[in-house]
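Notes for the one structure printed next.
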């Protein structure tokens, strides 16, 4: 007599949870990548201010980076003549006034966010503040870290 | 005659290429994402925005000077050591100053006048002390003499 073999059960792995996780991760990293489009020059080490506040809405800001003199940038290095970095471009005081004035036309409530290196001297910062005043922006923010080892965020 | 039913063909979608693509995208974004430290704000306002048609309260103003070595002076009195970032003595005095100004119903205002070679960290230390004392009206003296802009 010929015996009929019972059908072997298929060993299927359910891929759905894994695909869900992968999609979640993908969306997370895509959002992170979009958020870090702000002009954050990595050469700047911000000073520490424990009382500084994390902004709830960081939009509507123009960023000026003030790095230590001699830092390489597009078209040379920062110097006494051109100490400011705006979107990677070196600029001087009149250039800064021009950039801020043009931005002010499209954003009347513009605030200036100054990312100043902790070792930068005040004479350079003073020139940037003066340029803001000449361009008509009176609301200025200094960037700072809340602690030495603050991590996280994007 | 009884016809034999054909086995229904299962309509399966092959997910493998999609998963491959998603993994590639995931790896790309994981590699290209750089995590930056969270930056915080310490703000001040420059004077000169008051509307002249409005009556303006004359503020109770104090000037904090910072020397090249990091010494901090308020009314010619030195507060805290240059290496002291928390500045407890200055914070205490600024709180008293704010309370006095509030009692007199005038805004408390601080003008910071750092010397040219003062490091930004020391300037931010003083701004931090003003924030700790809950003084919101802070400005800078950045003119050629000591005049404000």
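Seen from all directions on average, the stretch B:60-140 presents a Cα convex hull projection of 4.5 nm². When you count the other C-beta atoms within 10 angstrom of each residue and take the mean per peptide, A:115-121, A:17-23, A:64-70, A:76-82 line up highest first as A:115-121, A:64-70, A:76-82, A:17-23.
Across every pair of non-identical alpha carbons in chain A, the mean reciprocal distance, once inverted, gives a Kirkwood radius of 18.8 Å.
The calculated FRET efficiency for the pair residue A:77 and residue B:115, based on their C-beta separation and a Förster distance of 30 Å, comes to about 0.75.
Using just its DSSP H runs of length 4 or more, each adding -39500 (n - 2.57), chain A gives a mean residue ellipticity at 222 nm of -10500 deg cm²/dmol after division by all residues. If the Kirkwood radius is taken over C-alpha pairs of the stretch A:61-142, then at 4 °C and 1.567 mPa s the Stokes-Einstein diffusion coefficient equals 104 µm²/s.
Coordinate-derived values only; no laboratory data. Bear in mind the structure is a predicted one, so any value in this text is a computation, not a measurement. Positions of Cβ are backbone-derived with ideal geometry, glycine not excepted, and every protein chain shown enters the neighbour counts.
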